[in-house]
1. For the chain, how big is Rg over Rh, using alpha carbon atoms and the Kirkwood form of Rh?
2. Pop out the ³J(HN,Hα) list for the stretch 48-54 in order, Karplus 6.51 cos²θ - 1.76 cosθ + 1.60 with θ = phi - 60°, rounded to Hz; leave Gly and Pro as x.
3. Rank Pro70, Ala84, Leu9 by how far each Cα sits towards the positive end of the charge dipole of the chain (+1 on Lys, Arg Cβ; -1 on Asp, Glu Cβ) and give me just the farthest.
4. What's the carbon and sulfur percent of the chain's accessible surface, probe 1.4 angstrom, rounded to a whole number?
5. In percent, what relative contact order does the chain have, based on Cα pairs under 8 Å that are 6 or more apart in sequence?
6. With each label point set 7 Å from Cα along the Cα-Cβ vector, what nm distance links Lys16 and Leu73?
7. Taking the chain as the reference, fit the longest principal axis to its C-alpha atoms, fit the long axis of helix 23-34 to the helix C-alpha atoms, and give the angle between the two in degrees, 0 to 90, nearest 10.
8. Would you kindly find the accessible area of Ile69, with a 1.4 Å probe and non-protein molecules such as ligands, DNA and RNA excluded, rounding to the nearest 10 Å²?
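The values are calculated or read from the model by the stated rules, or taken from the named source; none is laboratory data. None of these values were measured; they are calculated from a predicted model. Note that each Cβ is placed from the backbone with ideal geometry, even for glycine, and that neighbours are counted across all protein chains shown. The protein model used for the area step is the full one, side chains on, heavy atoms only, and it has no ligands, DNA or RNA in it. Shrake-Rupley method; radii C 1.70, N 1.55, O 1.52, S 1.80 Å.
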Amino acid sequence: MDKRLLTILRCPVTHKGLSVLKKDKLERVNAAIGAGELVNHHGETLAAPLSEALLSDDGKWLYPVADGIPVLLEDESINMEQLA
């Protein structure tokens, strides 16, 4: 992910900055996806693991990155409180 791009991207829900999700947290998210435990904001159960994701600076919202393109749609966001 281009560092310059990250400086201008904002979470569409909170308007906070975004950062690339660290590998250990991504593995935890993908384990929850594999177990059928995560749903997106729209309420759809996630089926495919994420190869990359962006996390809001407050740590509450996760956005998938598909083919290098951040999917910054509120309906596609994942509330991280599901992992608590």
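1. Radius of gyration relative to Kirkwood radius: 0.93.
2. Each residue of the stretch 48-54 in turn: 9, x, 8, 8, 7, 7, 10 Hz.
3. Leu9
4. Answer for the chain is 52 percent, counting heavy atoms of protein chains only.
5. 27
6. Here the modelled spin labels are 2.4 nm apart.
7. Taking Cα atoms only, the helix is inclined about 40 degrees.
8. Accessible area of Ile69: about 110 Å².
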